[in-house]
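I have placed the structure first, in the form of structure tokens, so that the comments after it can refer back to it.
The values are calculated or read from the model by the stated rules, or taken from the named source; none is laboratory data. These figures come from a predicted structure and were not determined experimentally. So basically every Cβ, Gly included, is an ideal-geometry build from the backbone, and we count neighbours across all protein chains shown. Only protein heavy atoms, including side chains, enter the accessible area calculation; ligands, DNA and RNA are left aside. Shrake-Rupley method; radii C 1.70, N 1.55, O 1.52, S 1.80 Å.
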Amino acid sequence: QVQLVESGGGSVQAGGSLRLSCAASGDTYSNPYMGWFRQAPGKEREGVAAIDSDGSTSYADSVKGRFTISKDNTEDTLYLQMNSLKPEDTAMYYCAAGNIATMLMTWGYNYWGQGTQVTVSS
């Protein structure tokens with residue numbers, strides 16, 4: 001079992017920044033693949049950024065150059081630095097972990113956090 005708790009969401013103006021955190025606990029060793037996903041009302045869940053066990057990263061085209069995913073292996077914490085935020089980034093953001101390297105595809109993740117809301121105003 002893996003427990004994931006997101007934090008760092010909030011309301012910001014367009015062009016601002018936020019850093020999301022995901023604290024992981026439990027059997028993180030067996031579930032080394034992690035990612036960030038988001039879902040806006042009425043929309044499907046979308047892969048935002050992911051990091052592989054070897055440190056390789058993947059980003060959705062819509063966030064490339066603006067978002068950065070990173071992982072602190074010592075503290076089992078995943079981060080998403082979000083810069084130059086746009087209103088279209090508004091969504092509930094979820095942290096996920098799994099034992100299959102599916103990157104931005106949702107089916108490979110076994111564990112999900114409860115989400116943290118990000119709202120970007122124009």
Among THR90, THR77, THR106, THR102, the single one that is in contact with a Cys (Cβ under 8 Å, 6 or more places away or on another chain) and among the β-branched types (Val, Ile, Thr) is THR77
So, first residue closer than 13 Å to LEU104 by Cα in region 52-70, second residue at pLDDT 95 or above and among the polar types (S, T, N, Q), Cβ within less than 7 Å, six or more apart or across chains; the pairs are ILE69/THR57
Contact list, first residue from region 77-90 and free of Cβ contacts under 8 Å to residues at least 12 places away in the same chain, second anywhere and open to solvent by less than 40 Å² (accessible area, probe 1.4 Å) and in a helix (DSSP H, G or I), beta-carbon distance below 7 Å, six or more apart or interchain, is none
Among residues of region 61-106 being acidic (Asp, Glu) and either open to solvent by 60 Å² or more (accessible area, probe 1.4 Å) or not in a strand (DSSP E or B) (or both), the residue farthest from TYR33 (Cα to Cα) is GLU88
Within region 14-33, the residues that are of a type in the set (A, V, I, L, M, F, W, C) and surrounded by fewer than 18 Cβ atoms within 10 Å (Cβ to Cβ) are ALA14, ALA23
Only unsatisfied item for VAL118, checking (1) surrounded by fewer than 19 Cβ atoms within 10 Å (Cβ to Cβ); (2) in contact (Cβ under 8 Å) with a residue 12 or more places away in the chain, is (1)
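When you check THR74 against the structure, is it at pLDDT 95 or above and polar (S, T, N, Q), yes or no?
When the stated conditions are applied, THR74 does not pass them.
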Log entry, pairs with first residue in region 3-31 being at pLDDT 95 or above and of a type in the set (Lys, Arg), second being open to solvent by less than 50 Å² (accessible area, probe 1.4 Å) and part of a strand (DSSP E or B), beta carbons closer than 9 Å, six or more apart or on different chains, reads ARG19/TYR79; ARG19/LEU80; ARG19/MET82
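Select from region 34-59 the residues that are part of a loop (DSSP other than H, G, I, E, B) and open to solvent by 50 Å² or more (accessible area, probe 1.4 Å) and write down the one among them that is nearest to ALA101 (Cα to Cα). Outline the logic, then answer.
Of all residues in region 34-59, those part of a loop (DSSP other than H, G, I, E, B) come to 40-45, 52-56.
From what is left, the residues that are open to solvent by 50 Å² or more (accessible area, probe 1.4 Å) are 41-45, 53-54, 56.
Values: PRO41: 27, GLY42: 27, LYS43: 24, GLU44: 21, ARG45: 18, SER53: 8, ASP54: 10, SER56: 10 Å.
Filtering region 34-59 for residues that are part of a loop (DSSP other than H, G, I, E, B) and open to solvent by 50 Å² or more (accessible area, probe 1.4 Å), the one nearest to ALA101 (Cα to Cα) comes out as SER53.
So in region 107-122, with the set limited to residues that are assigned to a loop (DSSP other than H, G, I, E, B) and not hydroxyl-bearing (Ser, Thr, Tyr), which one is farthest from SER25 (Cα to Cα)? Talk me through it step by step, then tell me what you get.
Narrowing region 107-122 to residues assigned to a loop (DSSP other than H, G, I, E, B): 109-110, 113-115, 122.
With not hydroxyl-bearing (Ser, Thr, Tyr) added as a condition, the list becomes 110, 113-115.
On the way: ASN110: 14, GLY113: 11, GLN114: 14, GLY115: 16 Å.
Checked region 107-122; the qualifying residue farthest from SER25 (Cα to Cα) is GLY115.
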